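Student: Questions regarding the structure given below will be posed in turn.
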Amino acid sequence: MNKSTHVQPLQKDILSFIDRLHKAGCAPRSIQRYAQYYAQDKGVNISVDVTPTKVITVFQEPIQQVILQDKNPPSVNLRQLVGTLNAMLTKQPYIASESYSGWMLCLANILLPPCYLILVGSTYVGVAIAAFLGLIAWLVQISFTGKRVVLIEFLVALIASFMVGLLASVIPNLPILALCISSIVLFIPGLTVTNALASLALNDFSSGIELLAQSALIVIKIFIGVVLGLSLSSQFSEYTLAISFINEIPLSLHILGLIGISIAIGIVFNASMTDILIGLPAAAIGMWGPHWFTTDWVVGTWISTMIITLYGLLAGRIRNIPALIYIIQGIIILVPGSRIIVGASETFYSTAILPIPNIGMSALLMFCSIVAGQIMVYSIFSERVFTGIGD
């Protein structure tokens, strides 16, 4: 919705540039910086105020004009982000980015839940069932579009939890809650929460509060879906929810799981295969870094975040594309998004899902460590050492 009756062609071009960045999931602060650079290059002076659902653009010269645009909450599209910024640098017309085929997206959704279980530890039967749950998640996503998209997280959690509850009555020692969480791992807003805290730390309160509210709504939909699904399945079958943690996955398979989840995340976020492979070191640091560098996992998370962010800045500078392309793979694996759901489930059901004590408090401390690490690297290196689009 534009609060304006007339937009000049040059203004329309600038607004289209901002819109592509917003739809691609670019951070609000970065959109402001890129938009001002783009406009100045065309001889236009603007100021931009960006939130996840609104963009206010003020054209100051030659004619002052204020344009307010309502936006849908963005999703991450890395190839669109790269294409938009490359067009800005090369001063070439923007060419719409390619997307992966439906079969590739289906495969990525099927791959995510079992790879998640491989990384956190589970049984072989649980890993096989998790792949089936990934298929359910994909079918729900393609069935509910448009205005019905708000139901996706709830329905995936509900259907998957109901199916897991029924299977638990005939398969002994099934990791019920871990399977429920694996089915919705794609929707857990760990990265959104981290970005919200980072926005608040940078005094961007409107974006930070809005991102936190969106994250809270998603968590509520997921949690209610899991609870209702398990409750409904208990009406048709009997099973034991509280079982001891069982891990049949050897360490050697963790590497394959990490590669699988990194490729799946990259496909879902529409990253090129080259960028996915370059981002694998960041994913490895996000997975094992907190245990490599120190025995204190809080300090280890802080150090890992700084290394991931620094790696992203370096790779982005070398390839002349945004650092987010490479940082996102490491941060998504590092962020304890699943711990929000895990902690809530453990509190509600009074049973441990993973062998981590006080998982709710550990999630909060990890979020704080991640935000502190990102702010430190950006404040020290981004402006002084790494200039240009790689920031």
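The values are calculated or read from the model by the stated rules, or taken from the named source; none is laboratory data. For clarity, every value in this text was computed on a predicted model and none was experimentally measured. Virtual Cβ from ideal backbone geometry, glycine too; neighbours counted across all protein chains shown.
The rows are residues; the columns are (1) closer than 26 Å to Asn72 by Cα; (2) touching a residue at least 24 places away in the same chain (Cβ under 8 Å); (3) crowded, with 19+ Cβ neighbours inside 10 Å.
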position	(1), (2), (3)
Leu177	no, yes, yes
Leu200	yes, no, no
Ile218	yes, yes, yes
Gly225	yes, yes, yes
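Student: Now, a different point. Within region 335-344, can one find any residue that is hydroxyl-bearing (Ser, Thr, Tyr), modelled with pLDDT of 80 or more and crowded, with 20+ Cβ neighbours inside 10 Å?
Tutor: no
Student: Just to be sure I understand the filter: pairs with C-beta atoms under 9 Å, separated by 6 or more residues or on different chains, first member in region 77-94 and touching a residue at least 40 places away in the same chain (Cβ under 8 Å) and closer than 19 Å to Ala27 by Cβ, second member part of a helix (DSSP H, G or I) and of a type in the set (Asp, Glu). Which pairs pass?
Tutor: Listed pairs, sorted by first residue: Leu78/Asp275; Arg79/Asp275; Val82/Asp275; Met88/Asp41.
Student: Could you check Ala24 against (1) surrounded by 18 or more Cβ atoms within 10 Å (Cβ to Cβ); (2) in contact with a Phe, Trp or Tyr (Cβ under 9 Å, 6 or more places away or on another chain) and say which number it fails?
Tutor: With respect to (1) surrounded by 18 or more Cβ atoms within 10 Å (Cβ to Cβ); (2) in contact with a Phe, Trp or Tyr (Cβ under 9 Å, 6 or more places away or on another chain), Ala24 is out only on (2).
Student: If you don't mind, there's one more thing I want to ask. Taking region 288-328 as the search range and keeping residues that are of a type in the set (Ser, Thr, Tyr) and closer than 18 Å to Ile375 by Cα, which one is surrounded by the fewest Cβ atoms within 10 Å (Cβ to Cβ)?
Tutor: Among those that are of a type in the set (Ser, Thr, Tyr) and closer than 18 Å to Ile375 by Cα, it is Tyr311.
Student: Every residue in region 262-314 that is assigned to a helix (DSSP H, G or I), of a type in the set (Gly, Ala, Ser) and within 17 Å of the chain's Cα centre (by Cα), please.
Tutor: Scanning region 262-314 gives Ser262, Ala264, Gly266, Ala282, Ala283, Ala284, Gly286, Gly312.
Student: Could you check Gln65 against (1) surrounded by fewer than 17 Cβ atoms within 10 Å (Cβ to Cβ); (2) under 23 Å from the mean Cα position of the chain (by Cα); (3) touching a residue at least 12 places away in the same chain (Cβ under 8 Å) and say which number it fails?
Tutor: The number of the failed condition is (2).
Student: Just checking, how many residues over region 9-32 are without any contact (Cβ under 8 Å) to a residue 40 or more places away in the chain and over 14 Å from Ala87 (Cβ atoms)?
Tutor: 5
Student: Do we have any residue at all in region 60-83 that's over 25 Å from Ser215 (Cβ atoms), among the hydroxyl-bearing types (Ser, Thr, Tyr) and out of contact with any His (no Cβ under 7 Å at 6 or more places or on another chain)?
Tutor: no
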